[in-house]
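Colleague: First the structure, which I've put down as structure tokens, then a few questions once you've had a look.
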Amino acid sequence: MALHFEREEYAARLSKLTASMRDENIDAMLLFAQESMYWLTGYDTFGFCFFQCLVVKADGSMTLLTRSADLRQARQTSNIERIVVWTDRTKADPAMDLKNLLSDLDLLGTRIGVEYDTHGLTGANCHKLDNQLQSFAELIDASYMVSRLRLIKSPAEIAYARRAAELADAALDAAMPLIKPGANEADVLAAMQGAVFAGGGDYPANEFIIGSGEDALLCRYKAGRRKLDATDQLTLEWAGSYAHYHAAMMRTIIIGEPSARHIELYDACREAMGAIIAILRPGTSFGEVFDAHAEVMDERGLTRHRLNACGYSLGARFTPSWMEHQMFHAGNPLLIQADMTLFVHMIIMDSETGTAMTLGQTYLTTDGEAVSLSGKPLDLIVVPAGKP
């Protein structure tokens, strides 16, 4: 299997990482986040549900410690040359294998950065890691070093994000003919995910969200399907995914005549989206983006119905979430730069009236105005009532 990027691009990414390590006086990084490994080497697996670690030294050398099941996976999907396998056995402690590897790499007594904030390092494995290494080296929480580097996308990454957005649009196109009174949510979901697969895309890093009726007020996936009523509301959040790069979208679709509350909430979503798009450019902080959203919602008396975040960075992500660490929430000082892919969402859930309304799109930042990666408008989608 060919790598998804040119080897020169991987080399440039490694150079950026080692430069950051030198700036932080870090002798080696222990990478546990699968997206970090994928970005740096192309390594593609869901084996991070078990203990594995990519050791990156400041001189640019890399060694992967993994299980036997992922040996060939690493060889065929990555540029990693040295792979060490720890053995599955009763009462195995792969953190001890890691310590032995670090000793072989002459890292005793050094300053080592660790990706702690990742689903690739469980609490149990973290406990083993700290127990083994507490007297071996100085451990530094460097959870966001690679994450920060991944924020700015290369031209090749942007091309994948654009393709992901095309697949997200195709998913909506596939769903729309099926959304009508009497339709089964299962058919809608199958059509959307099928469109992504048919276009050469991947599984997303988390499940598509689908819910109608009362469940339209949920913004997480759950098991169970229902059929749409003659008058109904259907909330969808989905993403096109290509080479693991995501472009997310979100809509609440009205079946039948929208209520006055639906119209009121949609108007708030559209106004808040407009306020954000106007400032979604270099120099604006992530916190200021959230403030623009909150100001619109709060002025309309929707404080208790809105969320405490209104989007996040997107990129190549793995289960269980396509969300990056960097979110639009109050007080986040991170500044927007050109060539970020950012998902902006408006989510209003009025439990008092049982009314849902959402609106979301992925944008590419530039030196000036942000560009929507989706070709779809932000109009309210209404499906006329009719016979099933």
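Colleague: Divide by every residue of the chain the summed helix terms, -39500 (n - 2.57) for each DSSP H run of at least 4, and state the resulting mean residue ellipticity at 222 nm, rounded to the nearest 500 deg cm²/dmol.
Modeller: Helix-only estimate at 222 nm: -10500 deg cm²/dmol.
Colleague: Would you list L167, L380 from the most to the least accessible area, probe 1.4 Å?
Modeller: Correct descending sequence by accessible area is L380, L167.
Colleague: Against the longest alpha carbon principal axis of the chain, how many degrees, from 0 to 90 and to the nearest 10, is the axis of helix 260-279 turned?
Modeller: On a 0 to 90 degree scale, this one is about 40.
Colleague: Here's something else I'd like to know. Under the rule a/c < 1.5 gives rounded, and otherwise a/b versus b/c splits prolate from oblate, where does the range 268-319 land using the Cα gyration tensor?
Modeller: oblate
Colleague: Another one. Note down the magnitude of the dipole of the chain about its Cα centre, charges +1 on Lys and Arg C-beta and -1 on Asp and Glu C-beta and zero elsewhere, to the nearest 20 debye.
Modeller: 820
Colleague: Could you tell me which of the pairs K16/K128; K57/K91; K16/K57; K180/K376 are separated by over 18 angstrom between their Cα atoms in the structure shown?
Modeller: K16/K128; K57/K91; K180/K376
Colleague: Sorted by mean Cβ packing within 10 Å, highest first, what order do the peptides 129-138, 26-35 take?
Modeller: 26-35, 129-138
Colleague: In addition: Counting only protein heavy atoms and using a 1.4 Å probe, what share of the accessible area of the range 1-54 belongs to carbon plus sulfur, as a whole percent?
Modeller: In the range 1-54, the share of accessible area belonging to carbon and sulfur is 52 percent.
Colleague: Accessible area per residue for the range 38-99 in Å², computed with a 1.4 Å probe and the full protein assembly in place, what is it?
Modeller: 46
Colleague: Along the three principal axes, how long is the range 4-156 when you take its alpha carbons, biggest first, rounded to the nearest angstrom?
Modeller: Sorted from largest, the Cα extents of the range 4-156 read 46, 33, 26 Å.
Colleague: Still on this structure, I have one more. At a 1.4 Å probe, what is the % contribution of carbon and sulfur to the accessible area of the range 179-274?
Modeller: Reported share for carbon and sulfur atoms: 52 percent.
Colleague: Give me the 1.4 Å probe accessible area per residue for the range 193-269, excluding ligands and nucleic acids, in Å².
Modeller: About 37 Å² of surface per residue is accessible.
The values are calculated or read from the model by the stated rules, or taken from the named source; none is laboratory data. If you're wondering where the values come from, they're calculated on a predicted model, not measured in any experiment. Counting neighbours? That spans all protein chains shown, and the Cβs are built from the backbone with ideal geometry, glycine included. Ligands, DNA and RNA are excluded from the accessible area calculation, which covers all protein heavy atoms including side chains. Shrake-Rupley method; radii C 1.70, N 1.55, O 1.52, S 1.80 Å.
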